Amino acid sequence: MSDAASPPSPLRRLMARPWLWAYVAAFAVFIVTILFTGGRSGGEVATAAFTFATFSVIVGIGQMFVVTLGPGNVDLSIPATITLAGAVATKIMDTQDGMILVGLLVALACGAAVGIFNYGLIILLRIPPIIATLSSSFLVQSTAIAYGRGIRIKPPPALADFTTSQVFGMPVLAICVILLAAVMEVVLRRTLYGRWVTAIGQNIRAARLAGVPVGRTRFAAYMMSAVFAGLCGYLLSGFSGGSSLSMGEEYLLTSIALVVIGGSSVAGGNSNVPGLWGAALFLFLVVTMLNTYGFGAGLRYLATGAIIIAVIVAASRRRTAR
Amino acid sequence: MTGSALSPRLLRSLLPALSLAALLIAIFWLQPRAMSYVGFNLMLNLAIPIALATIAQMCVITVNDLDLSIGTYVGFVACVGATLLSGGVGALPLVKDLQASGTLPTDLPWLLTTPLAGILVLALGIVVYALLGALIYWRDLPSIVVTLGMSFVWLGLSVVILPVPGGAAPGWIRSLMTLKPPFIPFPIIAAAVIAIFAHILIMRTSYGAVLRGAGGNPRAIERAGWSLLKVKVAMFALAGFFGMLAGLSLVGLTTSGDANIALRYTLLSIAGVILGGGEFVGGRISPVGAVIGAATLTLAGSFLSFLRIPPDWQIGAQGAILIIVLALRALIDHAEKRR
Amino acid sequence: MSRAEVPIISLDGVVKSFGAVRALQGVDLACRKGECIGLVGHNGAGKSTLMNLLAGVFSAEGRIALDGVDTADRYSVAVAQAHGIRCVFQELSLCPNLTVAENARIMHASLKGIGWRKRAGALIIAQLDLVFPGHGISAGDVVGDLPIARRQMVEIARAFTVTAAAARLVILDEPTSSLDAHQAGQLLAFVRRFVAEGGCVVLISHLLGEILSTADRVVVMKDGRVVAERPAAEFTRASLVAAMGTVAREEAGRGEATVRRSGSPRVRVAAERRAGGIEFTAHQGEIVGLAGLGGQGQSEMLVRIFDAARRADRDIDVSGGVALVAGDRQTDGVFPLWSIAENITIASLARLRRGFLIDRAKTSAMAETWKARIAIRTPDVDNPILSLSGGNQQKALFARALGSTAETVLMDDPMRGVDIGTKQEVYDMIRSEAAGGRTFLWYTTEMDELRHCDHVYVFRDQHIVADLSRGELTEEKILHASFAEVA
């Protein structure tokens, strides 16, 4: 702790940002990818990366706030909520442009309902959040399957257009979610709520004794996670031409992976939003790179798993000084 | 005084068996014909792999960790079982493609057709589990994230081995899983054997006490001179072993392999442990309960079909059972506290 | 008992430090066969450290000889166990999820092979029969389901069981704290039998009657030193209390007698509904002490008052805001990943905002102000809290509470491990804040700190047992109230 006396230089401060490495890695993978194509499809790769990263970042933000609450806090109901919100919203909108806003509200309401249910289980049954969100995900998934059965309903054309539109090669949705991420970063760093979440994650007992409203803060985090999952389901069904029953599947693992790779501490109390974007781009670009080089799906999965384990082991080295 | 003080605890320990009994009674009431040799065979066949996966998950939960990769690991074992274990390296689709294109000769040397390759790979799987336990202990890592990463790894390996569903389970596993013993249906015998074996291993051996103690009070175990590293390694290796049995029994039932065959086992196995009276932390687990929990979850599907409720609600019913049992448990605890 | 005999273990000039705090400053102690040593002392006298040292948990400087052979460098839990040195810690070290027999097996590695459960069960039950006849415990009981007294009985019996190595020296830390009088009597009688058969027991207890009736020799510790060591017969209860305290400095009723303020109190805890229940009150501008030995319910009372300020409690009335200064910094106070400034401002953020956002200028102004006022030694309040020494971390926690708008400040033994200079600075600040109308509830086990209080309540076994005004306050009165006579 001797170097704590001298203020670190701006460059060292930047280097100390845990999210920086996700961007460095994403950029490196991007370069390696377009090297293969001789730089021809660089723009397309970037556009695709932003498009697909967008959806995982939305759920990643919610998951991150939950994980920040400390050990044992994780939301396993995200995929089911995505599926339910997507199914309910497309059915209610019934391809009519006039219902777009109603559909959005319904999707968010689905998320809110799941969030309330999740937290209700945690509090009333006094069970760990993992078990609570696990069991509620079973129910939600089933509801989504039962509700969304039958023919696939297309999203309203205007919603499909919006979710796939681009400005100068940049997806409009990605721009919106970058703004959303910026807002959430401010919420995390500069509002009372963000401080409360971070305090609880570091030491829940100390937080209570410092006057932090622990119950309300945790409730809000689980709400947020579920509502963002609802939003993701809504947008995803617009983007991919309707909802499908497996559309949420990959987002459980992805949302947790983003939090870890983005440099947030899985032990809680120390999170950042920018890392989510870096990690999402990185994960998608790795898959693209392996694709470009002709590797099959199996190796892509292997690489993703190895990356997550490598990142968590590397992060543990940093914290051995504890 | 002891008798009345024990009754909530007794109730709690009976809860898994009571929920299974309630479900069975409901099923027989709806469909009396289910109460037959064939009926039990049909309803409980899939309970065998789920029970084994649940035991695997229980080993990890005993030492206060969680395995989110058990589902893909079971799928991986099934893929290995349908290829390497039945026809050696020669049974891999990749090798077959090379043979078809003429790169490799049609007659492979003995070394490439022996099932020993499969045995070797399965043994390596258990070693990987043991190493995970060591890694998690050494670096004090959150098991959720490490096993999450491993779930991708197992899935990737499965897809490499078996890019599309296929292969064939070795004949001996198939015949074992389709045994028709007299009087008692095979799934019931298998479940009893699994439960008794796991019970003896974890609950009755002298080292089993240390393993469980490490979940209850790790500091006390360390103070008494035991190695917590060895405990973690042992429990993860056991999880790998039971997970392997789950994969093999599953491929014996389905006869062919598929990388995605057991994705839901991760969540089902956690639910099974909890349903069986296990606690999430503190080393309080019950192997017999875990097998009962797995059977309950499997029967939930049959129950719905007898109720003529579409199978869409099968997962929902499993979730509902889990919530109801947890709620009952909370009520019992509450009653206990008020005494 | 021959004094010339080689001791089982002997300590010679043993020193143990935790950072800047010297827990043991040169202790000599010899434990011989056939004697029971009573170890007494006030909180922080060094008893627990000494016991952990004997058990091989801590290492220390100085000479430690086992059966006459110096082993200071190589002494460990394993060596201790091989020599038959066993320890019953105050926090139970049983596995709650295992049965009684299984817990016996954890301690004794030699209990294995076929039939180990039966043997382990028989062994522990036989020992329980020996120590606590009529104990009512069976080998198959799950420890977590047993009442605390029975758990303690199992733990004690486990330490005395004989497997590969016989128990030669058993250290008992407050062994009767959860036992009733009958069970405690059984234990003490067993200790005498064990000693008569050539064993050795170190008995740590705050029940002086127990010590005087059971021990052959009494060792009194104070401030990490042995201050008295005599045969038990030469002590009386009064002389023991005197040896633990600082009689020389005793000036009865030094503080001027203060009149309790009238008017409605800031904090009022209704008296317990039992004979002799005492009501707890604290008025504006008062410093109220919560005294007694450590862990007698003082912290729990403070936390209850803290919660009552937010959520209505039937027995507790609190008016105005409440802030708490934690004593156990690591578990109750510090947010380890945050800066000093973030740690100070967490309780005051609501008024350090501009619109919805936290105003950095306001937060750093508050942190700077308190850094200057309470003299936190750091070049920059944006440095991590863990870059501070323990005492300065504690100052940051004081700044958190004092900087809030709370009218009442609860202090949960906040000076643990804080150096004397820091203490003086904080005492002055507390007095000036109280003069400004703030109320302080101060749990402390140190007599010197109680002298700053206007009024003191003494706690024992989760109850208030004495209510002393400043004029009546003497160390002897507090010690007498803290150390109950065995019934």
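The values are calculated or read from the model by the stated rules, or taken from the named source; none is laboratory data. Just so we're clear, the structure is a prediction, and the values are computed from it rather than from any experiment. Cβ atoms come from the backbone with ideal geometry, glycine included; neighbour counts cover every protein chain shown. The area values use the complete protein model at the heavy-atom level, side chains included, leaving out ligands, DNA and RNA. Shrake-Rupley method; radii C 1.70, N 1.55, O 1.52, S 1.80 Å.
Tabulated values for the structure
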read-out	value
Heavy atoms of residue C:463 accessible to a 1.4 Å probe, total area in Å² rounded to 10	60
Chain C - share of DSSP beta bridges that are antiparallel (%, nearest 5)	50
Beta bridge orientation in segment C:9-244: antiparallel %, DSSP, nearest 5	55
Cα-centre dipole for segment B:8-338 with unit charges at Cβ (Lys and Arg positive, Asp and Glu negative), debye to 20	860
Model label zone, residue C:12; criterion: amide N under 15 Å from point 7 Å along Cα-to-beta-carbon; scope segment C:51-67	C:61-67
Set of segment B:12-56 residues, backbone N closer than 16 Å to the point 7 Å along the Cα-Cβ line of residue B:253	B:38-56
Added length on full extension, which subtracts the Cα-Cα distance from 0.36 nm per residue, residue B:227 to residue B:123	35.1 nm
Where A:301, B:265 fall by accessible area, highest first, once all protein chains stay in place (1.4 Å)	A:301, B:265
FRET efficiency, residue A:112 to residue B:180 (Cβ-Cβ, R0 60 Å, nearest 0.05)	0.70
B versus A: buried accessible surface, summed, Å² (probe 1.4 Å, to nearest 100)	3500
Interchain or long-range residues, amide H under 5 Å from residue A:264's placed H	A:272
Segment A:218-231 - phi-based ³J(HN,Hα) in whole Hz, Karplus 6.51/-1.76/1.60, Gly and Pro as x	5, 4, 4, 5, 5, 4, 4, 4, 5, 5, 5, 4, x, 4
Overall form of segment B:208-339 per C-alpha gyration tensor (a/c, 1.5; a/b vs b/c)	oblate
Anisotropy class of chain A from Cα gyration tensor, a/c 1.5 cut	oblate
Pairwise label distance in nanometres, residue C:57 with residue C:405, each label 7 Å out on the Cα-Cβ vector	4.5
Of the DSSP H helices in chain B, those whose Cα atoms cover at least 24 Å axially and whose Kyte score averages -0.5 or more	B:2-30, B:116-138, B:143-161, B:228-254, B:287-306, B:314-338
Label-point separation in nm, residue C:278 to residue C:197, each point 7 Å along Cα→Cβ	4.4
Heavy-atom accessible area per residue - chain C, 1.4 Å, Å²	40
Heavy atoms of residue B:152 accessible to a 1.4 Å probe, total area in Å² rounded to 10	30
Charge-dipole axis of segment C:97-208 as Lys and Arg at +1 and Asp and Glu at -1 on Cβ define it, positive-most pick from C:203, C:126, C:171	C:126
Rg(Cα)/(2.2 N^0.38 Å) for chain C, N = residue count	1.08
Rounded to the nearest 10 Å², the accessible area of residue A:295 at probe 1.4 Å	90
Neighbour net charge for residue A:90 - beta-carbon separation under 11 angstrom, K R +1, D E -1	+2
Over segment B:8-338, equivalent-ellipsoid semi-axes from the Cα gyration tensor in Å	34, 27, 16
Residue B:14-residue B:38 FRET efficiency (beta carbon distance; Förster radius 35 Å; 0.05 resolution)	0.75
Longest segment of chain C lacking trypsin sites (Lys or Arg not before Pro) that sit in a DSSP loop with at most 10 other Cβ atoms within 10 Å	C:4-272
Total charge dipole magnitude, chain C, about the Cα centre, Cβ charges on Lys, Arg, Asp, Glu only, Debye to nearest 20	800
Solvent-accessible surface ranking, highest first, for B:61, A:153 at 1.4 angstrom	A:153, B:61
Loop-located chymotrypsin sites (Phe, Trp or Tyr not before Pro) in segment C:310-390, at most 11 other Cβ atoms within 10 Å (DSSP)	C:356
Subset of B:232/C:16; B:230/C:47; C:33/C:112; C:16/C:395 violating a 28 Å alpha-carbon distance limit	B:232/C:16; B:230/C:47; C:33/C:112
Per residue accessible area in Å² of segment B:154-273, where ligands, DNA and RNA are left out and the probe is 1.4 Å	39
MRE, 222 nm, helices only [DSSP H, n ≥ 4, -39500 (n - 2.57), over chain B, to nearest 500]	-23500 deg cm²/dmol
Listed residue (B:119, B:51, B:217) projecting farthest to the positive dipole end of segment B:8-338, Cβ model	B:217
Long-range HN-HN contacts of residue C:286 with modeled amide H, under 5 Å	C:440
Only Lys, Arg (+1) and Asp, Glu (-1) charged, at Cβ; segment A:41-321 dipole about Cα centre in debye	980
Pairwise centroid distance, computed over Cα atoms, of segment B:245-269 with segment C:279-302, Å	61
